[in-house]
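Peer 1: My structure is below; once you've seen it, I'll send some questions.
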Amino acid sequence: MANSAPASTLEVRRLDAVSEPQLQSLADVLVDCVEGGASVSFMLPITRERALAFWRKVADGVARRERALLVAEDADGIVGTVQLILDLPENQLHRADVAKMLVHRRARRRGAGAALMRAAEAEALREGRTLLVLDTADDTAARLYARLGWLAAGTIPRYALLPAGGECATTYFYRSLAA
């Protein structure tokens, strides 16, 4: 059963280009997360076409090196993803925004989220970025970030909508990678 597989079966890697099969898998992850209630910029119902359009835009940014796209894979394919937005103003080239940290429900509680975040931090350092910023509306994700050493900067009430409607708050986190 997929949910019982140990975290050691997960591999996290950066994609420098995104193939059509990878776009399909990333769309599966996004649709699953939104259908599961994640407030990640999309409302229900989310169509596969809309998810694919989003990932095609991300792939364009990856090709232009404006963002780094990391994926977590198990024996069945992509189960999670996170992005580093690198295309920032010239006075902010020391930092990156972490975006769309998504883990398919079938792969949760197996260490994918932590592995993705550790890989994002390592990738940020390779890119010369020493400050990372993210926001989340999810309490489970917030606990993960805090456990990994991220610091909460504050919470904004009524920041966004949940996929099925209703407002939610978001908490901003940051992590300094400077020695």
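Peer 1: Return the whole-Å distance between the Cα centroid of the stretch 7-83 and the Cα centroid of the stretch 109-162.
Peer 2: 17
Peer 1: What share of the DSSP beta bridges in the chain is antiparallel, in percent to the nearest 5?
Peer 2: Given both bridge residues lie in the chain, the antiparallel proportion sits at roughly 90 percent.
Peer 1: While we're looking at this one, here's another question. Output the Kirkwood hydrodynamic radius of the stretch 2-130, Cα pairs only, in Å rounded to one decimal.
Peer 2: This gives a value of 14.9 Å.
Peer 1: Further question on the same structure: Using helices alone, I'd like the mean residue ellipticity at 222 nm for the chain: each DSSP H run of four-plus residues gives -39500 (n - 2.57), total over residue count, nearest 500.
Peer 2: Taken over the chain, the calculation gives -10000 deg cm²/dmol.
Peer 1: Report the net charge of residues surrounding Ser39, where surrounding means a beta-carbon distance below 14 angstrom and charges are Lys +1, Arg +1, Asp -1, Glu -1.
Peer 2: Summing Lys and Arg as +1 and Asp and Glu as -1 gives -3.
Peer 1: When the chain is fully extended, how far beyond the present Cα-Cα distance does Glu167 get from Ala153, taking 0.36 nm per residue of separation?
Peer 2: 3.0 nm
Peer 1: In nm², what is the average projected area of the convex hull enclosing the Cα atoms of the stretch 71-166?
Peer 2: The orientation-averaged projected area of the Cα hull of the stretch 71-166 comes to 7.5 nm².
Peer 1: Taking 0.36 nm per residue of separation and subtracting the Cα-Cα distance, what length does fully extending Leu88 through Thr130 add?
Peer 2: The span from Leu88 to Thr130 would gain 13.8 nm if fully extended.
Peer 1: Taking the dipole about the Cα centre of the chain, with the C-beta of Lys and Arg at +1 and of Asp and Glu at -1, give me whichever of Gly149, Val12, Gln83 is farthest to the positive side.
Peer 2: Highest projection toward the positive end goes to Gly149.
Peer 1: Something else: What distance in nm lies between label points placed 7 Å from Cα along the C-beta direction at Arg65 and Arg105?
Peer 2: About 4.0 nm separates the two model spin labels.
Peer 1: Can you check what the Kirkwood hydrodynamic radius comes to for the stretch 103-151, Cα pairs only, in Å to one decimal?
Peer 2: Mean inverse Cα-Cα distance, inverted, gives 11.7 Å.
The numbers here are math on the coordinates, done by the rules we state, and not lab data. Everything numeric in this text was worked out from a predicted model, so none of it was measured. Neighbour counts run over all protein chains shown; Cβ positions are idealised from the backbone, glycine included.
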